[in-house]
Amino acid sequence: MEILASKYFYCYILIATIAYPLLQSFESKLQFYKKWKSLLPAILLCVIVHGSIDILFTNLGVWSFNPNYILGIKILYLPIEEWLWFIVTPYACVFIYEVLDYFFEDIKPSKIIFKLSLFFGIVLILIATIYHNNLYTCFYFSLAALICFIAFYFKPIWWGNFLRTYLVSLLPFLVMNGLLTGSFTENPVVLYNPDHIIGYRLLNIPVEDTVFSFVILAEVIASYEFLRKLFKKLSVKNN
């Protein structure tokens with residue numbers, strides 16, 4: 001198909017990802033647009049932090065981008081589509097977070113959930129240690145482990161809802177990342193250096209991408225919840 005062999009392909013993926021969440025943001029019951037005050041700064045932080053890491057990893061050759069599927073416009077060494085990814089994906093995931101919160105009861109994290117988080121944190125740090133020479137694996141598995149340890153220690157009330165959102169988001173993740181990694185196309189948009197990943201793949205998606213997604217979503221929701229609580233306190237104080 002011509003659409004799958006176009007320099008607009010990455011753009012098409014981003015548009016398909018953001019279209020429904022953005023349109024439904026103005027739905028009368030959910031009114032997600034009213035939460036942008038807390039969401040947009042959280043996304044901006046994600047862009048700054050992980051965009052900087054992305055620049056570093058791109059320059060170190062951890063991954064690269066297929067020039068046949070991008071516009072060719074670069075900002076600080078990254079394709080403009082990659083910068084937009086750090087806006088579109090967190091937005092769509094927090095939208096899922098709010099939709100699930102609207103339709104279902106909160107998941108109050110139990111001791112078992114936090115103990116499991118600690119267990120997975122230990123597993124992740126062990127994997128990061130074993131594969132310390134694989135930069136993508138080591139770095140993001142370590143970050144994910146740190147997040148699990150922090151969650152175990154501070155026990156945030158939103159942790160259960162976050163885990164639910166992460167699990168639900170894996171379905172659209174498989175589609176989006178599948179398209180980016182060549183699972184459904186002849187060639188991938190993002191090319192990974194085999195020296196910096198374990199090599200295990202889901203479809204054609206490196207297993208590291210699932211951990212990367214976990215880190216991004218956890219950081220954005222943590223910032224989002226912090227800011228929402230902060231603005232609520234300030235609103236009460238001013239009234």
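Bear in mind that the values in this text are calculations on the coordinates, not laboratory data. As the structure is a prediction and not an experimental result, all values here were calculated from the model. Don't worry about glycine lacking a Cβ; one is built from the backbone with ideal geometry, like all the others, and counts go over all protein chains shown.
Worth a mention:
- Yes/no for Ile122 being surrounded by fewer than 20 Cβ atoms within 10 Å (Cβ to Cβ), of a type in the set (A, V, I, L, M) and not in a helix (DSSP H, G or I): no
- Only listed residue being buried (at least 17 other Cβ atoms within 10 Å of the Cβ), out of contact with any Asp or Glu (no Cβ under 7 Å at 6 or more places or on another chain) and over 19 Å from Val99 (Cβ atoms), chosen from Ser183, Ser142, Ser213, Ser169: Ser142
- Looking across segment 98-126, the residues that are of a type in the set (D, E, K, R) and under 30 Å from Phe26 (Cα atoms) come down to Glu98, Asp101, Glu105, Asp106, Lys108.
- Residue in segment 199-207 that is of a type in the set (Ser, Thr, Tyr), touching a helix residue (DSSP H, G or I) at 6+ places or on another chain (Cβ under 6 Å) and in contact (Cβ under 8 Å) with a residue 12 or more places away in the chain present: no
- Positions within segment 186-209 being surrounded by fewer than 18 Cβ atoms within 10 Å (Cβ to Cβ) and in contact with a strand residue (DSSP E or B) (Cβ under 9 Å, 6 or more places away or on another chain), in sequence order: Leu191, Asn193, Ile198, Gly199, Tyr200, Val207
- Cβ-Cβ under 8 Å pairs, at least 6 apart or on other chains, segment 32-46 side without any contact (Cβ under 8 Å) to a residue 40 or more places away in the chain, far side among the hydrophobic types (A, V, I, L, M, F, W, C): Tyr33/Phe26
- Total residues in segment 152-179 satisfying the condition of being within 15 Å of the chain's Cα centre (by Cα) and not aliphatic (A, V, I, L, M): the figure is 9.
- Candidate set from segment 12-27 (those that are farther than 15 Å from Pro172 by Cα and in contact (Cβ under 8 Å) with a residue 40 or more places away in the chain); member that is nearest to the chain's Cα centre (by Cα): Leu22
- Out of Ile73, Ile80, Ile55, sole residue that is surrounded by fewer than 17 Cβ atoms within 10 Å (Cβ to Cβ) and in contact with a Lys or Arg (Cβ under 8 Å, 6 or more places away or on another chain): Ile80
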